[in-house]
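Report on the structure given below.
Bear in mind these aren't lab numbers, they're just calculated from the coordinates by the rules spelled out. Being a predicted model, the structure only gives us computed values, none of them experimental. Cβ placement follows ideal geometry from the backbone for every residue including glycine, while neighbour counts extend to all protein chains displayed.
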Amino acid sequence: MYVLKFGGSSVANAENIRKVAAIVQSSDAKQVVVVVSALGGMTNELLTLGTKAAEGDENYKGHLDDLRERHLNVVKSLLPITGQSSSLSLVMQLFNELEDIAESIFRLREFSPATKDRILAFGETLSSKIIAAYFASLNLSHRWLDAKNVILTNSKFSNAKVHLEPTMEIISKTIQNFNEKIILVPGFIASNKKGQTTTLGRGGSDYTAALFAAALNATRLEIWTDVSGMMTADPRWVSGARIIQHITFKEAMELSHFGAKVIYPPTIIPAMNAGIPILIKNTFDPEAPGTLIDNEPTTHELEQEIVTGISSMTEIALLSIEGSGMVGVPGTSKTLFETLAAAQINVILITQSSSEHSICVAVDAADIELAKEALDSSFNNEITTGKIEPIKIERGLSIVALVGDKMKSHPGISGKMFSVLGRNGINVRAIAQGSSEKNISAVIAFEDVKKAINVLHEAFFEKVYKQLNLFIVGVGNVGSRLLAQLKQQKSYLQHNLNIQLRIAGLANSRKMVFSDNGGVSLDHWEQALQEGQQFELSAFINTVIEKNVRNAVVVDVTANAAIAGTYKKFLEKSVAVVACNKIACSSSYEDYQQLKSLSKAFNAPFFFETNVGAGLPVIGTLNDLLRSGDEVVKIQAVLSGTLNFVFNNYDTTKTFEQVVAMAQQEGYTEPDPRLDLGGTDVMRKILILARESGHALNMEDIQNTPFLPASCFEGSVEDFYGQLKVHEDHFKKLYEAAANEGCKLKYVASFEQGKASVGLQAVSAQSDFFHLYGKDNIVLFYTKRYPDQPLVIKGAGAGADVTASGVFADLIKTVY
Ligand SMILES: NC(=O)C1=CN([C@@H]2O[C@H](COP(=O)(O)OP(=O)(O)OC[C@H]3O[C@@H](n4cnc5c(N)ncnc54)[C@H](O)[C@@H]3O)[C@@H](O)[C@H]2O)C=CC1
Ligand SMILES: N[C@@H](CC=O)C(=O)O
C-alpha cells in the first residue's frame, strides 16, 4: 500500500490532472490511497469569496461565477463529451450549495470560523470529485472516500486537532473493506463530533496523507509537488543548490522549520512516528529521483557532506531583555515565555547569555509589536525599578541555519560557518545551537541573507569552485590587458584553483555595466561597456555595495584620485580592494593607515603590490621580511620604468622628447607622463615602501631634486612635449656630462634613517644600478639580516602586461 498526495499545483488544471492519473496508474503498489488538494490557488479564492460576501461586496457573485467556470472548464477539457454531463451537474450542484452559503454570509454579514471551514472544504471536494470522474473515464478501479467520515477532530475550526486513535481505527477498518486499486480522498477536510466540517490548517492535505499512511501502515508516503525534492538551499537564491536525495526525518524537520517549504513539519509527524518513508516527487518530472525521507542514515554518495542543507527564514525580529536584575533571579524566563505564549506568539529562536544578564528571542516580525506590548506590561515593575532595561526590539532580520545529523560531535562546523560569514562582512546578531547539534542558526540582517546562504553553500557544498566577483574600474592600458589575461586564464582557474571568475561590474570614466548572472562576457566586454549606463561614481559605489555579492573585489586600474577615495566605503562593507593606482597609498599617512586598519577590521583584503615595481614582488617581499622579524635599514632603488627606459635610450641620436614619447607609446608612463618625468611617481613608490617598512612619512617629507626645467610643468601634456623640445640642449648636457665620466644617468630613490629622497644621479660602472637595462627596476633592501649584501629584486618595472599580471596575482591572493 502506498499513499500518494498531490498538491494544488499538481491538480491545477486538466493537463496536470492527466499527469497525476499517469503517475497513479504507473504505481507498482497493489493498492494506493490518492489524497488531493484543491485546484491550485482555490483555497485562497474561496477565502476571498467568503470575505467579500461578509463585507457586503456584491462582487462576490462574479467571483463565484469565475470559480464555477474554472471547474466546469476543467471537466470539459478532461472528460470525453459523452461522459461530461454527470460531472457537470455535480459541479453545478456543489456550486449551488456554495452559492447558498455565500448568500447567507452576504445577508448576515457574518463569516464564522465554522462557515469558513465549510466554504474552504468545497475546494478539495470539487477537485477530488472531478478527478474521480476522470479515473472512471479511464476505467481505473477506484473509489471516492469522504475524508469527513474518517478523520475526526475537535471543533477548533481552521486548524482542527485530530483525534488520532479513533481516526486511525476508522481509516484502517474502512479501507480494509475496499477492494478497488485506488482510493481517492480529498485532503485537508475532516469533521467534528457534531458532524460539522472542519479543516486541518496549513499543510492540511499532507497531514491527511500522513494520517492514512500511518493508519494503513503504508510501505511509502509519496508527496507529489512541483519541485523535485528538498534542496541543499533555496534555489531562488543559490544557483548551485541541488536536490538532497536522502535525508532523515529529523533533518527534514529542521530544514522545513527554517523555510524549506516542500513539507510542513507537523504534518509529517504521523508518518514519521510510524517510521514510514516519505518520498518527495515532482509531478512535472516524475523520472527525477526526488528526496527520500526516512530514519536511515544516508549512504547516498551525494549526501556525504557533514551539513545536509542550509535553510533560511526572513521577516524576523529580535526582542532582547537585559538587566542586572535578572542575574541569579529565577523566573524571568518563565515570565517571558508564559507572556509570549499567552499572547499566542511563536518563539522561533532563543539565546541567553551565560551571565544570565540578557535573553534574546526571535519572533515573526509581524508579532513584534504585540510581543513588546505584552512584555512591557508583564515586566512593568522590573522596568520601572530599573532591574530590567526597557525591552529592545530589532527588525529587518533573517535567520540562516545549517542542518545535518552528522554535525553532531563533528568539531569545526560552527567555526567554519562563522568565519565564512565574518570573512564576507556578515554581522551575526544572535546564535543558537540545540544540544542535539543538528542545527546551528544565526540571526543576520535581511540584506545579508542571500549572500550568507551563498557563501555557506559555497563553503559546505560547492567543492567545485569559489566564485570571485570582480568590479573592475579602468579599462585602459593595464585594465584591458588584465581583462585579456582573465579571459585566457578563466578555465585554468576554474579547473586548477576552483575559482570561478565573474566580472560582476566594469567601468571606465564614461560608462559602467553590471551583470548579475554569468557576469560581463570576457569576449564582448567592450560592447557590453559601450552599451552600459553612463558612469557616475556614487551610483557605481552604491551598486557594488547593494549587490552585496560574496568574495567581491573592487579592482582599481585607473590613475584617478576620486576612485582612490572610494576604498574606505568598500572595505567597510567587507569588499576587498586591489589597486595598481598609487594615489590611495601615497595620500596622507592617516588615510593610508585608515585603509590598512579597515582592511583588518572588516576582513577585507587590500592589496596594491603593483604600486611599486609593477609586477615585481617588491611589497610582498618587504612584508615577508618584516613579518619574520627583520628590520629595514636602508632602501636604494631605481623605481621608474619610464625614466630608466628614457635614460637607457637617450644617447642624443634621438631627441629627448622623442624618447619620452616612445616610453609613453610602450605603456610605461603614467597616463600623465609629467608624473614620471617630474619624479612624483618615484616619490609615491619610495613613500609606500617607507610606510610599509613602518615609517609615518608623507609626500612632503621626501626630498625631490627635479631635473626638468620648471616650464615643462606649465600647461597641458602637449605643452610639456613642446617644452621638452625647447630644452633639448639641457638634456644633451646632462647626458654628455655623465657619459664623459663613463657614467649613466639613473633616477635613484633612497630611504635611510627615516628620510627619503629621489633624484637624478650619474652612476659609475661600480654601481648596482649601472647595468640596469630597458624599463627595468631594481630595489636593494638593506636590513638587519641583509646588512652588507642587500636583498635584491630586479626586472621589468613597467608595462601593461606585467602590471596586469601583478594585479591578477593580488586578485588570487584575496581568495587564498
Ligand atoms: N603602466 C604601468 O606600467 C603601470 C601602471 N600602474 C598604474 O596603473 C594605473 C592605470 O594605468 P593605465 O592603464 O596606463 O592608464 P589608462 O589611462 O590607460 O587607463 C585608465 C582607465 O581608467 C579609467 N578612468 C579614469 N578615471 C576614471 C574615473 N574617474 N572613473 C572611472 N574610470 C576612470 C579610464 O577611462 C581608463 O579606462 C595607473 O594608476 C598607473 O599608475 C601601476 C604600475 C605599472
Ligand atoms: N609609470 C610607472 C609605471 C609603474 O608604476 C613607471 O614608469 O615606472
**Complete:** Scalar couplings 3J(HN,Hα) for the range 160-168 by Karplus 6.51 cos²θ - 1.76 cosθ + 1.60 (θ = phi - 60°), nearest whole Hz, x for Gly and Pro, are 6, 8, 7, 7, 5, 4, x, 4, 4
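Filter K466/K568; K5/K193; K161/K193 down to the pairs with a C-alpha to C-alpha distance above 19 Å, please.
From K466/K568; K5/K193; K161/K193, over 19 Å: K466/K568; K5/K193.
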**Message:** At 37 °C and a viscosity of 0.692 mPa s, what translational diffusion coefficient does Stokes-Einstein give for the chain, taking Rh as the Kirkwood radius over Cα pairs? Give it in µm²/s as a whole number.
**Reply:** 102 µm²/s
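How much length would be gained if the chain were fully extended between A601 and D28, taking 0.36 nm per residue of separation minus their Cα-Cα distance, in nm to one decimal?
Working: separation 573, 0.36 × 573 = 206.28 nm, distance 6.09 nm.
This chain segment gains 200.2 nm when fully extended.
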**Prompt:** What residues have an amide H closer than 5 Å to that of K511, excluding those fewer than 5 places away on the same chain, when H is modeled at 1.01 Å from N in the peptide plane?
**Reply:** F535
**Prompt:** Along the Cα-to-Cβ line of E99, 7 Å from the Cα, sits a label point; which residues in the range 24-62 have backbone N less than 12 Å from it?
**Reply:** 61-62
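Compute, for the range 466-611, the length of the dipole vector about the Cα centre, with Cβ point charges of +1 (Lys, Arg) and -1 (Asp, Glu) only. Units Debye, rounded to 20. Write down the numbers at each step before the final one.
Numbers: 15 positive and 11 negative charges, 62 e Å.
Here the size comes out at about 300 debye.
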**Message:** Just want the ordering: E666, E631, from fewest to most Cβ atoms lying within 10 Å of their own Cβ.
**Reply:** E631, E666
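Residues with beta-carbon under 12 Å from that of L677, excluding L677: net charge, scoring Lys, Arg +1 and Asp, Glu -1? Each step should come with its number before you reach the end.
Working: positive: R674; negative: E657, E670, D672, D676, D681.
So the environment of L677 carries a net charge of -4.
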**Message:** I'd like the Karplus ³J(HN,Hα) series for the range 404-418: coefficients 6.51, -1.76, 1.60, θ = phi - 60°, whole numbers in Hz, and an x wherever there's a Gly or Pro.
**Reply:** x, 4, 6, 5, 4, 6, 9, x, x, 5, 5, x, 5, 4, 6
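Would you list T232, T248, T385, T208 from fewest to most Cβ contacts within 10 Å? Each step should come with its number before you reach the end.
Details: T232 28, T248 21, T385 9, T208 31.
Going from least to most buried by this count: T385, T248, T232, T208.
Using a cut-off of 12 Å between beta-carbons, work out the net charge of the residues near D630 (Lys and Arg +1, Asp and Glu -1, D630 not included).
On the way: positive: R627, K784, R785; negative: D624, E631.
Result for the neighbourhood of D630: +1.
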**Prompt:** How many nm separate the modelled label positions at F446 and S711, each set 7 Å beyond the Cα in the direction of the Cβ?
**Reply:** 6.7 nm
**Prompt:** So how strong a dipole does the range 618-798 carry about its Cα centre when Lys and Arg Cβ are +1 and Asp and Glu Cβ are -1, to the nearest 20 debye?
**Reply:** 440 debye
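Considering only the other residues whose Cβ falls under 14 Å of the Cβ of A210, what net charge follows from Lys and Arg at +1 and Asp and Glu at -1?
Residues near A210 contribute 0 overall.
What GluC sites (Glu not before Pro) does the range 466-570 have in DSSP loop regions with at most 13 other beta carbons within 10 Å?
On the way: sites: E526, E531, E536, E546; in loops: E531, E536.
Here the sparse-neighbourhood loop sites are E531, E536.
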**Segment A539-S85, length gained on full extension (0.36 nm per residue, minus Cα span)** = 157.1 nm
**Message:** Just to confirm the filter: which trypsin sites (Lys or Arg not before Pro) across the range 462-506 are DSSP coil and have at most 12 other Cβ within 10 angstrom of their Cβ?
**Reply:** K463
**Request:** Using Cα centres only, tell me the gap between the range 65-137 and the range 230-258 in whole Å.
**Result:** 36 Å
**Request:** Identify, among Q658, T642, I276, the residue whose Cα sits farthest towards the positive end of the charge dipole of the chain, taking +1 on the Cβ of Lys and Arg and -1 on the Cβ of Asp and Glu, with the dipole about the Cα centre.
**Result:** I276
**Message:** Using +1 at the C-beta of Lys and Arg and -1 at the C-beta of Asp and Glu, which of Y567, P706, I345 has the Cα lying farthest in the positive direction of the dipole of the chain?
**Reply:** I345
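Could you list E315, E382 so that the one with the fewest beta carbons within 10 Å of its beta carbon is first and the one with the most is last?
Details: E315 13, E382 18.
Placing the least packed residue first, the sequence is E315, E382.
Once the cut-off is 25 Å, how many percent of the Cα-Cα pairs in the range 618-798 end up in the long-distance tail?
On the way: 5407 of 16290 pairs.
Everything past 25 Å amounts to 33 percent.
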**Request:** Rounding to the nearest 20 debye, state how big the charge dipole of the chain is about its Cα centre with +1 on each Lys and Arg Cβ and -1 on each Asp and Glu Cβ.
**Result:** 1420 debye
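Suppose only helical runs count, i.e. DSSP H with n ≥ 4. What mean residue ellipticity at 222 nm does that imply for the chain under -39500 (n - 2.57) per run, divided by all residues and rounded to the nearest 500 deg cm²/dmol? Don't jump to the answer; show the numbers that get you there.
Numbers: 28 runs with 333 residues, N = 816.
Using -39500 (n - 2.57) per qualifying helix, the result is -12500 deg cm²/dmol.
Based on the mean of other Cβ atoms within 10 Å per residue, sort peptides 695-702, 774-781 so the most packed one is first. Could you put the intermediate results ahead of the total?
Working: 695-702: 15.6, 774-781: 22.2.
Peptide ranking by packing, descending: 774-781, 695-702.
For E322 and E55 in the same chain, what is the full-extension length gain: residue separation times 0.36 nm, less their Cα-Cα distance, in nm?
Values: separation 267, 0.36 × 267 = 96.12 nm, distance 4.49 nm.
Length gained, E322 through E55: 91.6 nm.
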**Sites matching GluC sites (Glu not before Pro) across the range 391-477 that sit in DSSP coil, with at most 16 neighbouring C-beta atoms within 10 Å** = E437
**Request:** First measure r as the distance between the Cβ atoms of S757 and A561, then evaluate 1/(1 + (r/R0)^6) with R0 = 22 Å and state the FRET efficiency to the nearest 0.05.
**Result:** 0.35
**Fill in**
Quick P(r) readout (the range 466-611; Cα-Cα; 5 Å bins; whole %) gives 2, 10, 20, 24, 22, 15, 7, 2, 0
